[in-house]
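Please treat every number below as a calculation from the coordinates, not as lab data. As the structure is a prediction and not an experimental result, all values here were calculated from the model. Please note: Cβ atoms are built from the backbone with ideal geometry, for glycine as well, and neighbour counts cover all protein chains shown.
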Amino acid sequence: MSFGPPLLLSSLNPLAVAGGADIPNAVSIDGTTLSRSDLLGAATSVAERVARAERMAVLAEPTVATVLAVVGCLIAGVTVVPVPPDSGATELAHILADSGAQAWLGKAPEGSELPVVPVRRHARSWHSYPEPDPATPAFVLYTSGTTGLPKGVVLQRGAIAAGLDALADAWAWTADDVLVHGLPLFHVHGLILGVLGALRVGSPLIHTGKPTPRAYAAAKGSLYFGVPTVWSRITEDPDAARQLAAARLLVSGSAPLPVPVFERLREFTGHAPIERYGMSETMITLSTRADGERRPGWVGTPVHGVRTRLRDESGAPVPHDGESIGGLQVRGPMLFDGYLNRPDETAASWTDDGWFTTGDVAAIDSEGFHRIVGRESVDLIKSGGFRIGAGEVETVLLGHPAVAEVAVVGLPDDDLGQRVVAFVVRRASDAGTTERELIAHVAEQLSVHKRPREIRLVDALPRNAMGKVQKKLLS
Ligand code: MCA
Ligand code: AMP
């Protein structure tokens, strides 16, 4: 049993904090700032309340309570299931049933029957917990596949530690940085990089609530995280953008950063942004480096411990010549431990010789620089950095009595990268259900970002001779 510095929370080492390594501003969120000792004391009191549990659900609003709940579980070695706070009924029921979460920690959504364990911000405990085994699952993160309901990605503590250390290396991220972002706390980006990264490295975190240009400018940090939509909106507010000139590093990820946005950011802030690539299943595997080339449209080289390769459809190697494209496969210590309760889908995502197939298509040049060309499947949509499965939205729409047929696609969008659009054929018997009603129906069942931005009512869907919908013809 080890009582060393907590693996994922090095800056919260109880001995060091008691011995003077406290800082007054470890985490600022939701209008509240916690010192390291406040955070450690309050989170350890959470740990005491959950220590005998195995898996807890956390309604991941951007609040102090969420941070304390997550940190408390990690101190106690309990697995966290972060739940999007705007989950609709179908999604919520699925996440709770599939994850086997035993209780809510902190706030619970209305109507949930699970027990609730409160998070008390002013409670304190200084109990010392042994460090759990690195193979202990830290999180089950729900993420969309091409079909069906979201899958639970199991991420172990050791994988997360390796992933965060690789980023600290690539970005020269140290305790001297002040991290700023306003991303949701139920994904790798905002939660694991954006909260645990700061607590492992020891840099203060300012969470802005929403990632607005004004809030980013006002925060005056050194290291900023954003999805491309956030960076694009910042370049549309040149006054806010100019205030980021004082930062050290601007980092973009979760979706492709359009080259014009890269160029405008450079023009207004003086910074060529760092671009990095990852997945819920792999954490971040590729990045440009603080001390290296930042090439617009390219996501850099493998981070420490990662290897990549390209394969064509028959499984044959694709040359790394910067031009040829192939399916991107990765290996590395930060990869997930499988999809919860889905051994077949887990097995299908790995090659026989142990590489994870990302589902992304890429090119690699002779220097090891990677360019992400797109996804193999049109059924995984990225909108505002959120991953949305077309099949999940289609199933919900088909559950509406007015809908006879539906095809959901991601159409190009200047602000969001892609926007969710549903092509719907209504039943002949339907008496005029509106687009708005169908959008509201999706919002009741799923998270709000999965709502189609647009419903197009059509007489028929384009199909091939086999009857399969030709999504590429929908635009
Ligand atoms: C949205 N609205 C709608 C609809 N859609 N209203 C009616 N019908 C619709 N279909 C509403 C919204 O609720 C909102 O209302 C308003 O319109 C504006 O919405 P939107 O344009 O979406 O803007 P936003 O709400 O400001 O969101 C943009 C965002 C957000 C902040 C960039 O998309 C976001 O937080 N993205 C981050 C995703 C992320 O973190 N992904 C990481 C996963 P109102 O104004 O009233 O609220 S990827 C990952 O973790 C990997 C490892 C990686 O690589 O990072
Ligand atoms: P998620 O699991 O939500 O993190 O989504 C992962 C997917 O986001 C990847 O498989 C890519 O398709 C996409 N993605 C993440 N980062 C980038 C990036 N920098 N450039 C292009 N696509 C990205």
Next on the checklist: For the structure I just gave you, tell me whether Ala404 is closer than 26 Å to Ser254 by Cβ, touching an Asp or Glu at 6+ places or on another chain (Cβ under 9 Å) and either of a type in the set (Val, Ile, Thr) or not in a loop (DSSP other than H, G, I, E, B) (or both).
Outcome noted: no
Next on the checklist: Suppose we filter region 386-401 for residues that are touching a residue at least 40 places away in the same chain (Cβ under 8 Å), out of contact with any Leu (no Cβ under 8 Å at 6 or more places or on another chain) and assigned to a loop (DSSP other than H, G, I, E, B); how many remain?
Outcome noted: 1
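Residue by residue through region 254-291, note down the ones that are among the aliphatic types (A, V, I, L, M), within 11 Å of ligand 1 (Cβ to nearest atom) and outside any loop (DSSP other than H, G, I, E, B). Show your work before the answer.
Going through region 254-291, the residues among the aliphatic types (A, V, I, L, M) turn out to be 255, 257, 259, 261, 265, 272, 274, 279, 283-284, 286, 290.
Right, trim to within 11 Å of ligand 1 (Cβ to nearest atom) and you get 255, 279, 283-284, 286.
Within region 254-291, Met279, Met283, Ile284, Leu286 meet the criteria.
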Checklist entry - How about region 239-271: which of its residues are under 24 Å from Pro412 (Cα atoms) and either more than 16 Å from ligand 2 (Cβ to nearest atom) or among the hydrophobic types (A, V, I, L, M, F, W, C) (or both)? => result Val251, Ala255, Leu257, Val259, Val261, Phe262, Glu263, Arg264, Leu265, Arg266
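State which residue is farthest from ligand 2 (Cβ to nearest atom) when the search covers only region 292-304 and only residues that are part of a loop (DSSP other than H, G, I, E, B) and touching a residue at least 60 places away in the same chain (Cβ under 8 Å). Break it down into steps so the answer makes sense when it comes.
Filtering region 292-304 for residues part of a loop (DSSP other than H, G, I, E, B) gives 292-299, 303-304.
Keeping just the survivors that are touching a residue at least 60 places away in the same chain (Cβ under 8 Å) gives 293, 295, 297-299, 303-304.
Values: Glu293: 16, Arg295: 12, Gly297: 9, Trp298: 9, Val299: 5, Val303: 13, His304: 18 Å.
Among them, the one singled out is His304.
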Checklist entry - Does Ile284 qualify as being within 22 Å of Phe386 (Cβ to Cβ), away from ligand 2 (no atom under 12 Å from the Cβ) and touching a strand residue (DSSP E or B) at 6+ places or on another chain (Cβ under 9 Å)? => result no
Checklist outcome for this item: By residue number, the members of region 30-55 that are outside any helix (DSSP H, G or I), touching a helix residue (DSSP H, G or I) at 6+ places or on another chain (Cβ under 6 Å) and of a type in the set (A, V, I, L, M, F, W, C) are Ala51
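Sort out which residues of region 362-379 are free of Cβ contacts under 8 Å to residues at least 24 places away in the same chain and outside any strand (DSSP E or B), and write them in order of number. Outline the logic, then answer.
Of the residues in region 362-379, the ones free of Cβ contacts under 8 Å to residues at least 24 places away in the same chain are 374-375.
Listed by number, the list is empty, since nothing qualifies.
For residues that are in contact (Cβ under 8 Å) with a residue 60 or more places away in the chain and surrounded by fewer than 20 Cβ atoms within 10 Å (Cβ to Cβ), scanning just region 406-417, find the one that is farthest from Thr229 (Cα to Cα).
Kept after step one, since they are in contact (Cβ under 8 Å) with a residue 60 or more places away in the chain, are these residues of region 406-417: 407, 409, 411, 414-417.
From what is left, the residues that are surrounded by fewer than 20 Cβ atoms within 10 Å (Cβ to Cβ) are 411, 414-415.
Numbers: Leu411: 15, Asp414: 9, Asp415: 6 Å.
Checked region 406-417; the qualifying residue farthest from Thr229 (Cα to Cα) is Leu411.
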Checklist entry - Can you tell me which residues in region 236-257 are over 14 Å from His181 (Cα atoms) and either under 19 Å from the mean Cα position of the chain (by Cα) or crowded, with 22+ Cβ neighbours inside 10 Å (or both)? => result Ala241, Ala255, Pro256, Leu257
Next on the checklist: Ser366 - would you say it is buried (at least 20 other Cβ atoms within 10 Å of the Cβ), more than 10 Å from ligand 2 (Cβ to nearest atom), among the small types (Gly, Ala, Ser) and more than 28 Å from Gly100 (Cα to Cα)?
Outcome noted: no
Next on the checklist: Contact list please: Cβ distance under 6 Å, first residue in region 441-469 and of a type in the set (D, E, K, R), second residue assigned to a helix (DSSP H, G or I), pairs at least six apart or on different chains.
Outcome noted: Lys450/Val393; Arg451/Ile439; Arg451/Val442; Arg451/Ala443
Item to check | Some residue of region 306-318 being surrounded by fewer than 23 Cβ atoms within 10 Å (Cβ to Cβ), away from ligand 2 (no atom under 16 Å from the Cβ) and on the phi > 0 side of the Ramachandran plot | outcome: yes
Next on the checklist: Go through region 440-475 and report how many residues are surrounded by 10 or more Cβ atoms within 10 Å (Cβ to Cβ), outside any strand (DSSP E or B), over 24 Å from the mean Cα position of the chain (by Cα) and hydrophobic (A, V, I, L, M, F, W, C).
Outcome noted: 5
